[in-house]
């Protein structure tokens, strides 16, 4: 594939040399005709025949060859838009050192990258050269990056990239390190039949794409679902949409959930095209395979880009701790005991107060005051008062047994 890319670059240089030579001849021919037209006009003679020649000449104006370059790395959004407009209409930002892109110039314009991903048209207006419109383009972004590079990007642009749905468009992988287990087994990489078949199919698709470019064919092939797959996709879409609600899977990652159905659709289209060709409809079996893959990537996204707000994490941590107290058979626990031996999050007094207040509001606990002013959490507020538990608690904590009163 690398040899093919180099060969394509050489062929493009040769075509550009021919184009530039033909353009010079064309410009000279136009100058000659315009000079003749100007001479006749000065003598007030008829120029209809020369005008027809000029029109005919312009019809055969040399066309700039389209560049078959699809892979880019260190570029600006405007540069890649120019390549998409004058090239093959498809591009991929690919880097095995993702920091070059995540910390590069192109991420200064995330909204335009979103537009390219969605194949939406946008205008590029320039002062010094011709403006143009990019339409019906295709953009893929494939990055391999160390966690430190991703974390740096998130600190700088995390809110923006989540807020406008940039990260939601990615299929995220975060595999465990294989260092220490990458042993040679005697087989060379790529020996397996599946990998070789994939390379063969990928080259077929690239050759077909290149052929379409050279023949100036620009229309896109539309892949459609079978009727069964269409019904299943509607059910899947609705299931994902419902999980955007409170207590749903995507309650705190609505940006990601909103793009998941489309990502699954794109995966299904790729699987179907590679396996069965572009003339076959996407079957429900392929769609279900894509669903499994899509939710795998979704699990990774939700784990890595943890979307749960801090107050929800605080509440969950306190709930787990209080449940462990219940499991020990106890009904009452001192508030200070929670700060001392509970989750580290509860060391912060304001965090603990807010969390206790929320659990009390929900009716899961109540906060009581003992005779000496000690704050006590009742873990079973809905049950009748238990004198035995309360007296045992008071003796254990060396406080006078008395009637307690609810604070919250």
Against the definition (exposed (fewer than 14 other Cβ atoms within 10 Å of the Cβ) and either assigned to a loop (DSSP other than H, G, I, E, B) or in the same structural domain as residue 400 (by TED's automatic domain parsing) (or both)), how does residue 314 come out, yes or no? no
Single match in 298, 307 (criterion: more than 27 Å from residue 206 (Cβ to Cβ) and modelled with pLDDT of 90 or more): 298
For the structure I just gave you, tell me whether residue 278 is farther than 30 Å from residue 390 by Cβ, modelled with pLDDT under 95 and loosely packed, with under 13 Cβ neighbours inside 10 Å. no
Assess whether residue 258 counts as being touching a helix residue (DSSP H, G or I) at 6+ places or on another chain (Cβ under 7 Å) and surrounded by fewer than 17 Cβ atoms within 10 Å (Cβ to Cβ). yes
Could you say whether any residue in region 288-295 is closer than 30 Å to residue 340 by Cβ and surrounded by 17 or more Cβ atoms within 10 Å (Cβ to Cβ)? no
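Could you tell me whether residue 186 is surrounded by fewer than 16 Cβ atoms within 10 Å (Cβ to Cβ), modelled with pLDDT of 85 or more and part of a loop (DSSP other than H, G, I, E, B)?
So residue 186 does not fit the description; no.
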Do you know which residues across region 79-98 are in contact with a helix residue (DSSP H, G or I) (Cβ under 8 Å, 6 or more places away or on another chain) and either in the same structural domain as residue 12 (by TED's automatic domain parsing) or part of a helix (DSSP H, G or I) (or both)? 80, 81, 84
Tally the residues that are assigned to a helix (DSSP H, G or I) and modelled with pLDDT of 90 or more, restricting the search to region 213-267. 30
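Quick grid of which residues meet (1) closer than 30 Å to residue 154 by Cβ; (2) in the same structural domain as residue 139 (by TED's automatic domain parsing); (3) touching a strand residue (DSSP E or B) at 6+ places or on another chain (Cβ under 8 Å):
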| site | (1), (2), (3) |
| --- | --- |
| 27 | no, no, no |
| 33 | no, no, no |
| 36 | no, no, no |
| 44 | no, no, no |
| 54 | no, no, no |
| 58 | no, no, no |
| 72 | yes, yes, yes |
| 100 | yes, yes, no |
| 119 | yes, yes, yes |
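Filter region 322-357 down to residues that are in contact with a helix residue (DSSP H, G or I) (Cβ under 8 Å, 6 or more places away or on another chain) and surrounded by fewer than 17 Cβ atoms within 10 Å (Cβ to Cβ) and give me whichever is nearest to residue 393 (Cα to Cα).
Step one: list which residues in region 322-357 are in contact with a helix residue (DSSP H, G or I) (Cβ under 8 Å, 6 or more places away or on another chain), which gives 322, 330-333, 335, 338-339, 342-343, 345-347, 349, 351-352, 354-356.
So of that shortlist, the ones also surrounded by fewer than 17 Cβ atoms within 10 Å (Cβ to Cβ) come out as 330, 339, 347, 349, 354.
Working: 330: 9, 339: 18, 347: 23, 349: 23, 354: 24 Å.
Here the residue is 330.
Let me confirm something: among 107, 13, 55, 25, which residue is within 30 Å of residue 138 (Cα to Cα), in a helix (DSSP H, G or I) and free of Cβ contacts under 8 Å to residues at least 24 places away in the same chain?
None of the other options fit; the residue is 13.
The values are calculated or read from the model by the stated rules, or taken from the named source; none is laboratory data. Small disclaimer: the values here were computed from a predicted structure and weren't measured. Every residue, glycine as well, gets a Cβ built from its backbone with ideal geometry; the counts of neighbours run over all protein chains shown.
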